[in-house]
Structures are given as C-alpha cells and as structure tokens.
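A quick write-up on the structure given underneath.
Values quoted throughout were computed directly from the atomic coordinates according to the rules given, and no laboratory measurement underlies them. It should be emphasised that the depicted structure is a prediction, and the values quoted were computed from it without experimental measurement. So basically every Cβ, Gly included, is an ideal-geometry build from the backbone, and we count neighbours across all protein chains shown.
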Amino acid sequence: MSLKAFMKSHLDSLQSQIFTGLPAIVTDNSEYESKNIISVRPTIDMQHSDGQVSECPEIFNVPVINPSAGGGLLSFPIQIGDTVWLEFSLRNIEEWLEGDGSSVTEPTQRMHDMSDAVAIVGLYTKNSHLQPDKKDVVLKFKDNKLVLKEDGNVEIHSKSKYSVYNDQEELISLLSDIVDTIGNTTVSTFYGLSPLNSKAQILELKSRLDSFRQ
C-alpha cells in the first residue's frame with residue numbers, strides 16, 4: 001500500500017469516528033419532564049468503505065434544547081417517534097450534565113462522540129413538516145393556533161373552549177356574570193318594574209359569550 005493510500009485509509013477511519021450532526025427519532029420520553037432527557041436513534045444508517053451498512057445504535061440520556069433563557073421556557077410535548085436534530089459535543093459532557101451548569105473537568109478525553117449528543121427539537125422532512133408561516137409568528141398545537149400577525153394584530157383560533165385566569169377568577173365567567181346582571185336589570189315604568197327592552201338580545205350575547213367557556 002502506498003503512503004498516500006495508507007494516509008487516506010487512516011484519515012477515513014478517523015473521520016468515521018467523528019460525529020457532528022444527525023437526524024434522529026425519539027425512542028423514549030419517560031424522563032423528559034423530570035430530567036429533560038430523552039432516548040433517540042439516529043435515522044441515517046452508516047455505510048462503510050467495504051459497502052457494509054450498519055444501523056446506528058440507540059443513544060440514551062440525551063439532553064433536550066428548548067427555547068429558554070432568564071427563567072423563561074417554551075417547551076414542547078415530545079412524543080415517541082418525533083424527529084430531532086442531534087449535535088455531538090466537542091468534549092465529554094457527562095459530568096456537566098449531572099451538575100448545576102457550572103464548570104467541570106471532563107472525565108475522559110473523547111471528542112465528537114456519539115455518547116455526547118444533544119437534541120434540538122423541530123426538525124422535519126419536506127413531507128412531514130407542520131406548515132410554518134413565512135410572514136406571521138405562529139404557535140400551533142393540534143387544533144389550536146395563536147397567530148402574531150405581521151400587521152401587529154393577534155389572532156387566537158381554537159375548536160375547544162378556553163379560559164383566561166388571574167389569581168382569583170376567570171375572565172369569561174366574569175364577563176358572563178356582568179351580561180347576566182345587565183339582562184336581569186329592571187327599570188321603573190308607569191306599570192311598575194319592567195325588564196329592559198333589549199333583554200332578549202342581552203341573553204343571546206350571554207349565550208354566545210358562554211360558548212367560549214371551558
């Protein structure tokens with residue numbers, strides 16, 4: 001074997017052991033809520049120089065990156081079968097992952113290893129995506145959608161009931177009670193107390209308002 005062929009073979013072997021990024025599917029989410037970790041299996045099988053193909057092994061204890069900072073969090077309900085993007089750390093993250101986020105010394109000198117994967121949610125294929133909007137900011141979940149429009153307006157679309165709470169009561173119920181009180185208000189007339197002329201319309205409004213309640 002020539003020196004060039006030997007060096008190429010050696011570099012190819014080294015390169016095959018360096019992991020940078022891969023798509024993967026979620027295989028377990030049982031500790032997602034309690035520890036922010038999941039198990040995954042990469043979805044790109046490895047083809048070797050001799051033509052042999054091997055399936056990537058399942059990877060456990062993979063931390064998940066959700067948009068968050070300053071104590072705020074936007075989390076997503078990761079399900080088994082969901083697709084994520086894996087990044088592989090330059091250094092061993094085992095000790096760091098078990099700590100509080102402060103600096104640690106790596107327990108081994110491994111680099112770009114499959115064991116040091118981090119999952120980023122939101123990766124889809126051309127045929128499985130959730131139809132992002134090119135102009136508006138949209139938050140979707142099943143049949144519910146919150147849209148921050150390009151023109152500054154905000155829209156909420158829902159086939160379900162919804163509620164707005166403070167620490168004491170619910171807004172739709174409060175508005176319904178106000179409309180109910182107005183509908184039951186009477187006025188003094190020559191013949192005595194009489195309901196408002198618009199009571200029927202007020203009760204219709206109350207019925208429409210109540211349709212938003214849980």
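If the chain linking residue 112 and residue 133 were pulled fully straight, counting 0.36 nm for each residue of separation and taking away their Cα-Cα distance, it would gain 4.1 nm.
Using the crude model of +1 on Lys and Arg Cβ and -1 on Asp and Glu Cβ, and no other charge, please compute the dipole size for the chain relative to its Cα centre, in debye to 20.
Numbers: 19 positive and 30 negative charges, 185 e Å.
Rounded to the nearest 20 debye, it is 880 debye.
Give the order of 143, 50, 116 when sorted by the count of other beta carbons within 10 angstrom, beginning with the fewest. List each step's numbers first, then the result.
Numbers: 143 9, 50 5, 116 25.
Sorted ascending by nearby Cβ count, the order is 50, 143, 116.
Compared with the dominant Cα axis of the chain, that is its longest principal axis, helix 171-183 is turned about 10°. Taken one residue at a time, the phi angles of the stretch 63-79 give Karplus couplings (6.51, -1.76, 1.60, θ = phi - 60°) of x, 10, 9, 10, x, 6, 4, x, x, x, 8, 10, 10, 10, x, 5, 10 Hz. Gly and Pro are set to x.
Partner lysines whose Cα lies under 18 Å from the Cα of residue 161, excluding those fewer than 8 positions away in the same chain, are identified as 140, 142, 145, 206. Computed from Cα positions, the angle between helix 3-16 and the longest principal axis of the chain comes to roughly 30 degrees. Compared with the alpha-carbon gap, the fully stretched path from residue 79 to residue 100 is longer by 4.9 nm at 0.36 nm per residue. Using C-alpha pairs under 8 Å with a sequence gap of at least 6, the mean separation divided by the residue count of the chain gives a relative contact order of 13 percent. Exposed loop sites, defined as trypsin sites (Lys or Arg not before Pro) outside DSSP H, G, I, E and B with at most 11 other Cβ atoms within 10 Å, are absent from the longest region of the chain, namely 1-125. Compared with the dominant principal axis of the Cα atoms in the chain, helix 199-210 is inclined by about 10°.
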